[in-house]
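**Student:** Before anything else, here's the structure in question.
The values are calculated or read from the model by the stated rules, or taken from the named source; none is laboratory data. What you see is a predicted model; the values in this text were computed from it and never measured. Cβ: placed from backbone, ideal geometry, glycine included. Neighbour counts: every protein chain shown.
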Amino acid sequence: MKRMVSGIKPTGKLTLGNYIGAISQFIQYQDEYEMFIFIANQHAITVAQDAKELRQNTKNLIALYLACGLDPKKVTMFLQSDVPAHTTLGWVMTCNSYIGELNRMTQFKDKSAKGEVNLTAGLYTYPSLMAADILLYDADYVPVGVDQKQHVELARNLAERFNNRYSPTFVVPTPLTPKIGAKIYSLQNPLKKMSKSEEDPKGTIALLDEPAVARKKIMSAVTDSFACIAYDPQKQPGLSNLIQILSCLSQEPIEEIVKRYEGKGYGELKKEVGDTVYTFLEQLQARYRAIMDSNIIEDILKEGAQKASLIANKKVAKVHRKVGLSLF
Ligand code: ATP
Ligand code: MG
C-alpha cells in the first residue's frame, strides 16, 4: 500500500478552502493509501500563538477532521509535538537546507514583503521541518493545496540530496493537488487565497460559521458584470470560485453546472451555492458537536502518536547512523 502524509496547522479557524483543498482529499484517499495525518502544532508556533487559543484550535481541528469523515481506524492521526522525531529529523534537514533555498520560499517571502516585523527564525526554517514531517514516513504522496507545492518540492530536493550524499534513505515524495479545488479564493477578493489565519471574515467561510451567516457570505460574494455564467478563472475569478465550491461539495462536474445555468442569473447560482454550503455546514457541525461532547480525541491521539513514533524513530535512528551522530 502506498503511503501518504499530510498535516494542517491549528492556526485560526478551519475554512472551506482547507476542507476542499485538503481534508476532502484525505477522506477520498483513506481507503486506498496508508495515511498519516498530523496536526502541525510546531509549525503553528512559528507565529506567536496564545496558548489557550492554540489548545482550543487543536481540539477543534481534530474534531473537525473526524466530523468531515476521517476514520481513525484507517488513518493514523497525531499531534506533531507528540512525536519528537519530527524536530529531531527537522534539525538534520535544516542543516541540509541552503539559505538561498529558504529565501526562495514564497510563503516566507510574502510574509516578509508585507513588512511584518519580528518574523521568527522558525518561520524561516519551517519548510525544512516540513520536509522532515514528510520524509520520516517514506511518504509516496503528499496531498496539498497549490500554496504548499513549493514546500513539497523542497522536501524532494532534500531527500535526493541526502540519498546522494549518504545512501538511499528517503522515498522522494510527490505532491498531489486536486484538479479542482486546489485553491479556493476569498469571497471578497477572488484573487486572494481563502486563508484561515488572515483577517478576512466576510471573504472566508469557516467550517464552524453559523450556516446562515455562511449563506449570507456566499450571497454577497464579489463576482463580475459580464452577466454570463461560465467557468473562466482568469476572466471571471469570483464566479468560477463559486462554481468550484459548488462542484466540490455536490460532486457535480463543473461543465454540468455551467450547462444547467445557461441563460440564468448570478443570483440563482449564488442561492444554490449558499444552500449547498448551508446544508454541508449544518450536517458537519452536528457531527462536530457530538465528537466534542465525547472523550474520543485523547485516545485517538495517543494511539496515533504511538503508531507514528514506531516508524519515525526507526527513520531517525537510521539517519543518525548515516550522518555519524550515533556511535553504535
Ligand atoms: P494559514 O493562513 O495559517 O497558512 P491555511 O488556510 O493556508 O492557513 P494551512 O494550514 O497552511 O492552511 O494548510 C492546510 C492545507 O489546506 C494545505 O494542504 C493547504 O494547501 C490547504 N489549503 C489552504 N488554503 C486553501 C485554499 N484556499 N484552497 C485550497 N486548499 C487550501
Ligand atoms: Mg497556509
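**Student:** For S294, work out the one condition from (1) of a type in the set (S, T, Y); (2) at pLDDT 95 or above; (3) farther than 30 Å from Q188 by Cβ it doesn't fulfil.
**Tutor:** Just one mismatch for S294, condition (2).
**Student:** Now a separate question. Here are some conditions: (1) more than 16 Å from ligand 1 (Cβ to nearest atom); (2) closer than 30 Å to F162 by Cβ; (3) surrounded by fewer than 20 Cβ atoms within 10 Å (Cβ to Cβ). L89 meets all but one. Which one does it not meet?
**Tutor:** Against the list (1) more than 16 Å from ligand 1 (Cβ to nearest atom); (2) closer than 30 Å to F162 by Cβ; (3) surrounded by fewer than 20 Cβ atoms within 10 Å (Cβ to Cβ), L89 comes up short only on (3).
**Student:** Looking at (1) in a helix (DSSP H, G or I); (2) near ligand 1 (Cβ under 9 Å from one of its atoms), which one does I27 not meet, given that it meets all the others?
**Tutor:** (2)
**Student:** Consider V171 carefully, then state whether it is surrounded by 15 or more Cβ atoms within 10 Å (Cβ to Cβ), in contact with an Asp or Glu (Cβ under 8 Å, 6 or more places away or on another chain) and either aliphatic (A, V, I, L, M) or farther than 17 Å from K193 by Cα (or both).
**Tutor:** yes
**Student:** Would region 129-145 turn up any residue that is more than 16 Å from ligand 1 (Cβ to nearest atom), of a type in the set (G, A, S) and either assigned to a strand (DSSP E or B) or over 21 Å from the mean Cα position of the chain (by Cα) (or both)?
**Tutor:** No, the conditions are met nowhere in region 129-145.
**Student:** Right, something else. If S197 meets every condition in (1) within 15 Å of the chain's Cα centre (by Cα); (2) in the same structural domain as M93 (by TED's automatic domain parsing); (3) in a loop (DSSP other than H, G, I, E, B) apart from one, which number is that one?
**Tutor:** Failing condition for S197: (2).
**Student:** Also, quick follow-up: Of (1) of a type outside the set (A, V, I, L, M); (2) part of a helix (DSSP H, G or I); (3) crowded, with 19+ Cβ neighbours inside 10 Å, E101 satisfies all except one. Which?
**Tutor:** So E101 meets the others, but not (3).
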